[in-house]
Amino acid sequence: MITFQNVSKYYDNQTVLKNITFTVQKGEITFITGPSGAGKSTLLKLMYLAESPDEGDIVIGDFHLASLKESQIPYLRRSVGVVFQDFKLINSITVFDNVALTLRIRGVKEREIRDIVSNALKKVHIRHLSDSYPTSLSGGEQQRVVIARAIAAEPLVILADEPTGNLDPNTSIDIIRVFRDLNAQGATIVIATHNRELFKGSGNRVLKLDGGNIAGEEAG
Amino acid sequence: MTFSYSFKSAFKSLCREKWINLLSILTVASSLLIITLTAFFLYNVEIIANSLPERFSIVSYLKDGLSSEDTQVIIDTIKRRADIAGLKYISKEDALKELQHTLKDTGYILEGLTENPLSSSIEIKLKKDFVTPSSAKHVAGEIKKIEGIDEVYYGEKIADAIHLLRRSMQNMSVIIFLTISSGVVFVTYSTVKILFYRRKQEIEIIKLLGATKGFLRMPFLIEGGSIGFFGGLIGIIGALLFYFAVTYRLSMVIPMLKTLLFPFEILVVLPLIGIIFGIIGSLIAIGRLKL
């Protein structure tokens with residue numbers, strides 16, 4: 001499903017990621033962990049081309065990112081649902097419209113959008129917040145809206161960048177439970193986090209990043 | 001569906017950024033009003049200019065002593081010309097009578113004359129398209145060559161004036177139209193560019209969610225077109241107010257203004273012109289932006 005082949009990324013001659021090679025199988029849940037500045041966020045950004053790799057190739061489903069035309073980038077992004085660390089919610093529209101936006105971009109009919117959004121919000125237990133605006137929500141609630149948006153269009157892959165970074169421990173456990181439910185339904189999920197509590201004892205695959213290299217791999 | 005989203009998004013933005021949009025709409029309306037008034041001015045000048053050729057004529061004086069057969073030959077020769085709309089033969093006697101009628105109370109001037117000093121003449125009207133300085137000169141030259149014609153006179157200055165008036169009005173209208181059109185395009189261009197930068201963060205998010213360039217551009221095209229459309233509608237209101245002010249209020253003071261005609265056809269196309277200019281401005285704006 002996801003393949004990294006000798007991928008490197010540099011910022012101003014500084015190595016952020018060096019010769020990263022790994023594969024994530026379909027239906028797998030993988031954690032990327034490491035200290036701040038290890039390159040976790042950059043690694044996720046490479047997967048939806050918010051950043052481009054300087055060396056190597058990445059394959060997501062049928063998309064070979066090294067040879068991907070600019071006009072194909074939107075279609076790659078549609079096959080990846082991203083839970084952004086900084087949420088990236090549009091504050092001028094409601095929770096419903098924020099989640100619906102990803103479906104409207106895909107040209108889904110309005111009649112179907114209503115049901116899909118409603119189901120996505122139900123999965124993350126915030127259906128009652130449908131008409132609220134993001135600015136009136138707590139950090140945890142905003143995080144759930146972002147997850148609902150990421151899963152609404154049933155993408156091939158869900159990428160989550162520090163999905164519990166702004167949340168209290170109880171809410172974090174709730175959010176991780178949501179991801180596990182989605183994974184149980186067949187979703188391939190990659191979560192970047194420095195919070196070891198999220199994968200401890202889970203048995204999921206954990207890739208450790210340090211100084212731009214994969215420092216090790218273990219089962220959580 | 002994407003289209004209906006683009007419309008909703010554009011109209012939401014029109015309402016959200018109401019002041020900048022209102023300012024642009026009013027600027028577009030004023031510009032389109034100037035175009036309408038230019039069209040109004042040109043329309044009336046064309047009507048006046050079109051009526052002037054009817055008054056234009058070439059007068060050919062015949063030599064004295066021509067027989068009626070010779071005169072008829074000359075008339076027939078002139079009539080055969082393709083550039084002639086019509087002619088009128090004025091005999092010596094008719095010319096004198098007309099002069100007496102013109103002089104009225106001062107007709108005694110002619111009492112001392114022992115014989116009629118006036119010549120017979122033929123007044124020639126040219127077809128509308130031939131009332132140009134070069135055509136009139138050419139026709140007058142050809143007629144002068146006909147056997148039996150003594151002198152030929154034509155209103156050279158009138159022909160020149162009509163030609164000059166038409167040409168300068170057309171040139172002026174083209175210049176005004178191009179200048180104002182560029183202005184309207186620039187206004188929508190600037191507005192759309194400002195609106196784009198105000199929504200830059202939102203656009204970045206939508207891009208990351210998988211929006212194509214077309215999806216991102218469509219609301220801005222609709223917004224630019226809408227600015228032009230509403231500008232056109234307000235332009236119509238302005239033009240109608242101008243028309244009623246001229247025909248009802250000002251014509252009370254200057255009755256001549258009542259004869260002016262208004263090209264109402266332009267009012268129908270004004271919003272359409274606005275939409276076209278608005279979309280062109282938006283296309284330039286978003287075409288130059290990095291999406």
Nearby aspartates and glutamates by direct alpha-carbon distance to B:K104 (threshold 17 angstrom, same-chain neighbours under 8 apart not counted): B:E93, B:D94
Cβ-defined net charge surrounding B:F40, 13 Å radius [Lys, Arg +1; Asp, Glu -1]: -2
0 to 90° range, to nearest 10: angle between helix B:265-288 axis and chain B longest Cα axis: 50
Efficiency of FRET from Cβ geometry, A:K109 and A:T3, R₀ 41 Å, rounded to 0.05: 0.75
DSSP bridge pairs, the protein assembly as shown: antiparallel proportion in percent, nearest 5: 70
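Taking the Cα centre of chain A as the origin, how large is its charge dipole in debye, to the nearest 20, when only Lys and Arg (+1) and Asp and Glu (-1) carry charge on their Cβ atoms?
Dipole size: approximately 500 debye.
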Estimated FRET transfer efficiency when R0 is 51 angstrom, pair B:K127-B:I194 (beta carbons, to 0.05): 0.35
Paramagnetic reach from B:Q72 in region B:138-182 [backbone N under 19 Å; point 7 Å along Cα→Cβ]: B:147-149
Net charge of neighbours whose Cβ lies under 13 Å from the Cβ of A:L121, counting Lys and Arg as +1 and Asp and Glu as -1: +2
DSSP H segments from chain A that extend 15 Å or more along their own axis, Cα-based, with Kyte-Doolittle mean of -0.5 or above: A:95-105, A:139-152, A:169-184
Net charge contributed by nearby residues that have their C-beta within less than 10 Å of A:V82 (K/R +1, D/E -1): +3
On Cα atoms only, tilt of B:2-16 relative to the major axis of chain B in degrees: 90
Helix-only [θ]222 nm of chain A, DSSP H runs n ≥ 4, -39500 (n - 2.57) each, per residue, nearest 500: -9500 deg cm²/dmol
Only Lys, Arg (+1) and Asp, Glu (-1) charged, at Cβ; region B:152-291 dipole about Cα centre in debye: 480
Rounded Å value of the spacing that divides the Cα centres of region B:1-60 and region B:120-150: 42
Segment A:D54-A:E70, extension gain: residue separation times 0.36 nm, minus the distance between their alpha carbons: 4.2 nm
Neighbouring partner chain Cβ atoms per residue of B:214-224, average, 10 Å criterion: 1
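Just tell me how shielded B:198-209 is by partners: mean number of partner chain Cβ atoms within 10 Å of each residue's Cβ, no decimals.
Mean shielding count: 5.
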Linear extension gain, A:D168 paired with A:N119, 0.36 nm per residue minus alpha-carbon span: 15.1 nm
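Let me spell out the model: positive unit charges on the Cβ of Lys and Arg, negative unit charges on the Cβ of Asp and Glu, origin at the Cα centre of region A:108-166. What dipole size does that give, in debye rounded to 20?
About 220 debye.
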Förster-model FRET efficiency, 56 Å R0, B:T102 and B:L22, C-beta, rounded to 0.05: 0.30
Cα-based helix-to-principal-axis angle, B:68-79 vs chain B, degrees rounded to 10: 10
Gain upon complete extension [B:T114, B:R249; 0.36 nm per residue less C-alpha separation]: 42.8 nm
Within 10 Å of each Cβ in A:99-105, the average number of Cβ atoms from other chains: 5
Helical contribution to [θ] at 222 nm, DSSP H n ≥ 4, -39,500 (n - 2.57), averaged over chain B, rounded to 500: -23500 deg cm²/dmol
Projected label distance in nm at B:Q201 and A:H128, using a 7 Å step from Cα toward the beta-carbon: 2.9
Unit charges at the beta carbon, dipole of the protein assembly as shown: most positive-side option, A:S52, B:S31, B:H138: A:S52
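A short reminder: the numbers here are calculations on the coordinates, not readings from a lab. Keep in mind that what you see is a predicted model, and the values were worked out from it rather than measured. Don't worry about glycine lacking a Cβ; one is built from the backbone with ideal geometry, like all the others, and counts go over all protein chains shown.
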